[in-house]
Amino acid sequence: MHELPVTEGILNVALEAAQQNGARRIMAIDLVIGELAGIVDDSVQFYFDILSKDTIAEGAVLRFRREQAAANCGDCGHQFPVEVPLTAVCPVCGGNRLRVSGGREFFIESIEVEDEDSGSEGDSERERSGGG
Ligand SMILES: [Zn+2]
């Protein structure tokens, strides 16, 4: 159940960042979670919905990006992505001296906010294609 403190941390960081940018609302938060971090997406979203109530982050969407871990064989040097449950032997040479790296990260990649001066009715899309 360590998603609760983790989610509190996310919310605090997001609120702080939003305030610094003079944002009125937090629309979405992009998170990167390593495959081995042992964090369940659904639990984070569940806690977030509760904790963010009555804050400017209420109703924000959490978007998760999974970061894969990699294993490096100490015998033949073969490198390959690993998933949970972890592989214990190298698929190439059968050696068991694997070194696992990555997959444990957990951080906020970006926060999507609604700006203070964006009008309630104005479409300010600046994407244009074509030209003369
Ligand atoms: Zn190997």
Note to self: As I understand it, the value is the acute angle between the Cα axis of helix 41-51 and the longest principal axis of the Cα atoms of the chain; what does it come to in degrees, rounded to 10?
What the structure shows: 30 degrees
Checklist line | Exposure rule at most 15 other beta-carbon atoms within 10 Å, DSSP loop trypsin sites (Lys or Arg not before Pro): the chain longest free segment | finding: 54-96
Note to self: Under the 0.36 nm per residue contour assumption, what length would be gained going from the current alpha-carbon distance of residue 58 and residue 84 to full extension?
What the structure shows: 6.1 nm
Item checked: Inter-site label distance for residue 114 and residue 32 at 7 Å from Cα along Cβ, in nm -> 2.9 nm
Next item on the list: Could you point to the residue in 21, 31, 45 farthest towards the positive end of segment 3-46's charge dipole, with +1 and -1 charges on the Cβ of Lys/Arg and Asp/Glu respectively?
Entry: 21
Check: Extension gain residue 100-residue 46, at 0.36 nm per residue separation less the Cα-Cα distance, in nm?
Finding: 16.4 nm
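Read-outs throughout are calculated quantities, based only on the coordinates presented, and are distinct from any laboratory measurement. Everything quoted here is computed from the prediction, not taken from an experiment. Cβ coordinates were reconstructed from backbone atoms using ideal geometry, including for glycine residues, and neighbour counts include every protein chain displayed.
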